[in-house]
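Step one of this worksheet: look at the structure below.
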Amino acid sequence: MFALLHGGMHRGSCWDLVREELHRLGHRTVAPDLPVDDDSAGAREWAGIADAAIESAATDADGVADVIVVAHSISGLALPVLAALRPMRRMVFVGGLLPVPGVTFADHLADNPDAVIFPEPEAGGSGPFGMTWESVRAGFYHDCPQDIARSAFAEMRAQSFTIFLEPSPLEEWPDVPSTYILLRDDRAVGASWAWRNAVRIGARLIELDGGHSPFFTRPVELAELLVDLAAE
């Protein structure tokens with residue numbers, strides 16, 4: 001089974017196209033809505049929601065540890081916390097942020113300014129934090145079909161900063177195989193930072209064409225890549 005965790009300001013439904021393909025290929029999935037808009041929720045709470053969703057969706061055929069958890073963008077800060085809570089076969093980070101045990105991501109970002117390269121947002125729009133369609137399009141959806149990008153923008157949620165400002169609840173990096181999928185044209189997460197930090201966590205790094213939202217632009221290719229990882 002695949003558990004698919006969405007990034008900031010999104011919902012589990014952003015994975016729908018990937019889920020369709022994974023189901024066609026014979027795999028079960030779950031994609032919970034994480035409490036990204038809740039200031040009282042940090043990485044532990046995000047991980048707890050994901051854990052409960054996996055438990056609810058799992059069957060005896062899946063096995064307690066036979067789950068691959070895929071985290072996009074900000075949810076990468078919660079995935080290792082989830083791996084400390086429950087067994088899993090593999091962690092997969094898709095353009096993901098990576099926590100440092102005991103350190104706030106804000107402090108890590110201060111020392112690694114190439115981690116987040118999202119274009120300076122324009123104010124006065126209808127998106128979260130008053131972001132305009134143009135700024136969100138440039139950072140997240142520049143290579144997405146117009147209709148999908150517009151729909152995604154309309155469904156964006158508010159984003160809490162708690163997960164950035166709290167010290168990571170990790171005491172040590174979990175002993176779980178890891179894969180980092182670097183998006184070659186990502187305009188939100190920096191490639192040089194991703195390379196350095198994939199090495200830091202001992203992850204295998206795979207490159208995929210396209211921008212920050214491959215679940216919209218390359219759902220078939222992404223699903224097939226995940227299935228290949230599951231077969232290893």
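The values are calculated or read from the model by the stated rules, or taken from the named source; none is laboratory data. Bear in mind that the values here come from a model prediction, so they are computed numbers and not experimental data. Cβ atoms come from the backbone with ideal geometry, glycine included; neighbour counts cover every protein chain shown.
Considering Ala57, Ala65, Ala110, Ala154, the condition of being over 17 Å from the mean Cα position of the chain (by Cα), farther than 24 Å from Pro174 by Cα and modelled with pLDDT under 95 is satisfied by Ala154 alone.
State whether one or more residues within the range 50-70 are under 29 Å from Phe118 (Cα atoms), in contact (Cβ under 8 Å) with a residue 12 or more places away in the chain and in a helix (DSSP H, G or I). Yes, that holds for at least one residue.
Would you mind stating whether Val100 is assigned to a loop (DSSP other than H, G, I, E, B), over 13 Å from the mean Cα position of the chain (by Cα) and surrounded by 15 or more Cβ atoms within 10 Å (Cβ to Cβ)? For Val100, the condition - assigned to a loop (DSSP other than H, G, I, E, B), over 13 Å from the mean Cα position of the chain (by Cα) and surrounded by 15 or more Cβ atoms within 10 Å (Cβ to Cβ) - is met. Taking the listed residues Asp33, Asp38, the one that is under 15 Å from Leu77 (Cβ atoms) and surrounded by fewer than 16 Cβ atoms within 10 Å (Cβ to Cβ) is Asp38, with no other qualifying. Does Val18 satisfy the criteria of being at pLDDT 95 or above and assigned to a strand (DSSP E or B)? Spelling it out, it is not the case that Val18 is at pLDDT 95 or above and assigned to a strand (DSSP E or B). Residues in the range 191-232 that are of a type in the set (Lys, Arg), in a helix (DSSP H, G or I) and buried (at least 20 other Cβ atoms within 10 Å of the Cβ): there are none.
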